[in-house]
């Protein structure tokens with residue numbers, strides 16, 4: 001059945017009645033994004049991302065490009081209101097990111113999007129709950145965002161640590177990689193990724209030989225890789241991302257880990273990372289993603305448009321996710337006839353997701369976007385047909401297999417966990 005505006009408002013009223021949004025609040029009455037402001041005031045989208053740090057290539061400035069493309073493709077206006085895009089660098093510091101987000105929400109920003117870095121994202125999740133504004137977590141990985149830290153005002157859009165583990169860790173373990181040693185970046189994202197991957201390995205009968213944690217943006221992995229070699233583990237699992245993953249793979253190639261019989265499993269690897277590493281060092285690496293630019297005619301068409309605006313670079317799954325998340329958000333406002341956070345969230349959850357990146361997707365009650373994930377293998381230099389031709393598709397992973405079961409996350413929005421403390 002088609003979803004009507006009455007259905008959306010009724011869902012928002014149920015949310016209001018739960019105590020998460022007070023029914024007498026202006027934001028619960030659908031009078032505009034800020035509650036009391038004029039309905040023709042600009043709708044403001046804040047892109048909070050890593051502009052200069054280890055995730056700048058996979059997200060960063062490209063995230064801003066993708067969001068601006070979404071706004072332009074939508075016509076630059078929604079429900080009669082012009083759309084403004086703001087951007088800022090959180091510097092991979094939770095306190096910096098939270099301070100920027102607080103200022104934006106207080107100044108009338110309607111939604112914050114991207115949110116690279118799980119520590120920053122978790123801080124903004126709490127703030128969005130307090131301010132009753134929306135946060136679209138496109139780029140962070142921590143599955144805690146739809147677990148104990150879930151929020152009625154937050155969506156986790158692209159992927160998470162559980163999906164990465166379900167894809168890469170499961171595939172490598174099933175192919176004989178039974179003992180693992182983790183190199184883990186020492187903050188919320190890395191901890192969650194190593195935890196979820198370790199759970200998958202053990203569930204499949206494997207074992208964890210050890211783990212060592214390293215700081216974000218570590219310049220030298222020599223000592224960590226020597227410990228991984230000494231562990232004699234069959235698999236060295238990289239529970240890190242972006243610059244750290246790039247450096248670890250390059251140095252593992254120099255140290256000859258693969259030649260000595262150890263498998264390098266990159267639990268989070270973006271196409272921008274493969275581009276930086278080069279196919280010679282990255283070939284054969286298995287990875288899980290939600291999007292690849294060369295997957296279909298639709299993905300190729302959008303990606304080439306993106307590349308024409310971003311120095312010829314093909315988009316990562318994060319940048320594609322920024323575009324599709326903002327588009328879904330704007331469509332929800334148009335359907336609902338308001339930018340009220342609770343009403344728009346109900347509209348986003350009520351509508352299926354169908355675009356160049358996602359087919360037959362939907363948003364679960366804990367805020368998890370359910371979509372197919374894809375297991376890829378990095379091509380050898382000889383197999384690549386040209387620039388950015390980097391992946392072979394190994395398997396498609398259905399949403400129900402890729403993402404954590406709803407009850408296992410213990411999200412307080414989901415029975416029987418409702419009212420359990422958040």
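Read-outs throughout are calculated quantities, based only on the coordinates presented, and are distinct from any laboratory measurement. Everything numeric in this text was worked out from a predicted model, so none of it was measured. Ideal geometry is used to build each Cβ from the backbone, glycine not excepted, and the neighbour counts take in all protein chains shown.
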* Tell me the Kirkwood hydrodynamic radius of the range 101-144 in angstroms, computed as one over the mean inverse distance between distinct C-alpha pairs. => 10.3
* Asked: Of the residues 336, 218, 70, which exhibits the maximal mean-square fluctuation in a Gaussian network model of the chain defined by a 10 Å Cα contact cut-off?
  -> 218
* **Cα→Cβ-extended label distance, 7 Å offset, between residue 382 and residue 407, nm** => 5.1
* Considering only 124, 343, 85, give the residue with the highest GNM mean-square fluctuation for the chain, with springs between Cα atoms whenever their separation is below 10 Å. => 85
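Just the number, please: percent antiparallel of the DSSP beta bridges in the chain, rounded to the nearest 5.
30
Under the 0.36 nm per residue contour assumption, what length would be gained going from the current alpha-carbon distance of residue 40 and residue 86 to full extension?
Here the answer is 14.7 nm.
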* Structure fact -> Here the alpha-carbon Rg of the range 174-316 over 2.2 N^0.38 Å rounds to 1.10
* To do: Give me the compactness ratio for the range 217-296, meaning the Cα radius of gyration over 2.2 N^0.38 Å.
  => 1.08
* Cα coordinate range in the range 325-422, projected on the principal axes (Å, largest first) -> 55, 34, 20
* Asked: What translational D, rounded to a whole number of µm²/s, comes out for the chain from Stokes-Einstein when the hydrodynamic radius is the Kirkwood one over Cα pairs, at 4 °C and 1.567 mPa s?
  -> 60
* Note the full-extension length gain between residue 186 and residue 230 as 0.36 nm times their separation in residues minus their Cα-Cα distance, in nm to one decimal. => 13.7 nm
* Kirkwood hydrodynamic radius over Cα pairs of the range 88-235, then Stokes diffusion coefficient at 20 °C and 1.002 mPa s, in µm²/s -> 130
* Asked: Dividing the Cα radius of gyration by the Kirkwood radius, what Rg/Rh value follows for the range 360-402?
  -> 1.19
* To do: Express in nm, to one decimal, how much length is gained between residue 301 and residue 130 on full extension, taking 0.36 nm for each residue of separation and deducting their alpha carbon distance.
  => 57.6 nm
* Structure fact -> Relative contact order in percent for the range 257-345 (Cα pairs under 8 Å, 6+ apart) equals 20
* Rounded to whole Å and sorted largest first, list the principal axis extents of the Cα atoms in the range 126-173. => 43, 18, 12
* **Value at 222 nm in deg cm²/dmol, rounded to 500, when DSSP H runs of n ≥ 4 in the chain each add -39,500 (n - 2.57)** => -11500 deg cm²/dmol
* Asked: Over all Cα pairs of the range 299-365, how is the pair count split among 10 Å bins, expressed in % and running from 0 up to the last occupied bin?
  -> 20, 44, 26, 10
* Asked: What does the convex hull of the Cα atoms of the range 236-363 come to per residue, in Å³, rounded to a whole number?
  -> 136
* Asked: What distance in nm separates the simple spin-label points at residue 212 and residue 362, each placed 7 Å from Cα in the Cβ direction?
  -> 4.6
* Taking only Cα atoms of the range 44-83, radius of gyration then Dmax in Å -> 12.0, 38
